[in-house]
Amino acid sequence: MDALSLSLLRAAFIILLSACGYFLVPFGFTPALSGGVGALAGILIVVFEIRLKRVSLKRLMGAAAGSLLGILGAFLVSLILERAIPASLNTVPFLQILVLMWMGYVGLLVGATKGDMLNLSAFGGLFGAEKAPKQVFKVLDTSVIIDGRIADIAETGFLGGTLVIPQFVLRELQFVADSADPLKRNRGRRGLDILQRIQKFTDLNVQILEDDFPNAPEVDMKLIELAKKYDCSIVTNDFNLNKVAQLHGVHVLNINELANALKPVVLPGEIMRVFILKEGKEFNQGVAYLDDGTMVVVDNARRLISKTVDITVTSVLQTTAGKMIFGRHDDRVHATHDRPSPEKGGHREGSPANMAGGG
């Protein structure tokens, strides 16, 4: 249905409710007041319908289930109140309405909040149109929160889905922030600041999860059990957690692996400009570093320490610790600069945007 037809339908609905109020005159009001009440009710219903369209099916189902459970609990409590409290001064009816509204409201909010955790595939494809991609939820561990790069990634919009922060991770962060060691205390407070920054991103859904696993004493094992329970990913930069989680069949998103994957591609034969920082381990070698920390080992550059030189890339080695670039400087081909270049080190020839420098 197009926007014009939908607007006409909503207007007709409001006018119909207003006419019903005007002619039926409920509550003993005057016809004009009854018509106004009908129009106001129609407007509120339309606003509710517009807001409802933005809610996912999972949240709708969670809200409905939470409301029904709340109303059922309120009904049971009302039966107890009728027997426990003498019927005087309308106390019991008031308490019954109070409990009904309280439990219904709480059930609605809790059900809507936890609705995203529902697994609709358990209904045998009945809600196939609402299927979400796998690994929607991403659980953050303590190390990646303290690291801080997760906030920069989230801010760019590349991190989709819902970020889940377990309560036991928050407790560990608070414990670190309260440490007597100044270094640990600063790390913990940095992690709490990063969480506050992430929660301010309006286009990112962040949830605090209360689930705990008493049988798993260590936080790493709690994270693995949580990821298994909700079939979600763990976001970390902890090497040991990465390996243990993979052994348990849990999907891991490692920030360090992402950083290595985003390093500029360098091919053998290309020309780079680098700042020789120190001598290498082998004879007549110099060592330089790019801005991202990549080590560049340069043959025939030991005498060029503290100078900016042009080199030819000979090979690139990818290791578990990162990437290493090997190159060679030839006085007959490459230029030598007595002072570091103003760009903090260097660039690949013909591409000023790709900077490399002494680190």
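The values are calculated or read from the model by the stated rules, or taken from the named source; none is laboratory data. From a predicted model like this one, the values you see are computed outputs, not experimental measurements. Reconstructed Cβ throughout: ideal geometry from the backbone, glycine too, with neighbour counts over all protein chains shown.
Residue under question is Gly293, and the condition is that it be among the small types (Gly, Ala, Ser) and modelled with pLDDT of 85 or more; does it hold? For Gly293, the condition - among the small types (Gly, Ala, Ser) and modelled with pLDDT of 85 or more - is not met.
What residue, of Leu68, Leu81, Leu89, is at pLDDT below 80, farther than 30 Å from Ser7 by Cα and surrounded by 14 or more Cβ atoms within 10 Å (Cβ to Cβ)? Please lay out each step first, then the result.
Values: Leu68 fails: at pLDDT below 80; Leu89 fails: surrounded by 14 or more Cβ atoms within 10 Å (Cβ to Cβ).
Just one listed residue meets the conditions, Leu81.
Of all residues in the range 178-221, those satisfying the criterion of being closer than 16 Å to Asp141 by Cβ, of a type in the set (Gly, Ala, Ser) and at pLDDT 90 or above are Gly188, Gly191.
Is it fair to say Gly157 is loosely packed, with under 12 Cβ neighbours inside 10 Å and modelled with pLDDT under 90? Yes, satisfied. Which condition number in (1) at pLDDT below 90; (2) farther than 21 Å from Thr162 by Cα; (3) within 35 Å of the chain's Cα centre (by Cα) is the one that Lys229 fails? Unmet for Lys229, out of (1) at pLDDT below 90; (2) farther than 21 Å from Thr162 by Cα; (3) within 35 Å of the chain's Cα centre (by Cα): (2).
Looking at (1) surrounded by fewer than 18 Cβ atoms within 10 Å (Cβ to Cβ); (2) modelled with pLDDT under 85, find the lone condition where Ala112 falls short. Of (1) surrounded by fewer than 18 Cβ atoms within 10 Å (Cβ to Cβ); (2) modelled with pLDDT under 85, only one is false for Ala112: (1). Among the residues of the range 297-326, those identified as modelled with pLDDT of 85 or more, part of a loop (DSSP other than H, G, I, E, B) and surrounded by fewer than 20 Cβ atoms within 10 Å (Cβ to Cβ) are Asn300, Ile305, Ser306, Lys307.
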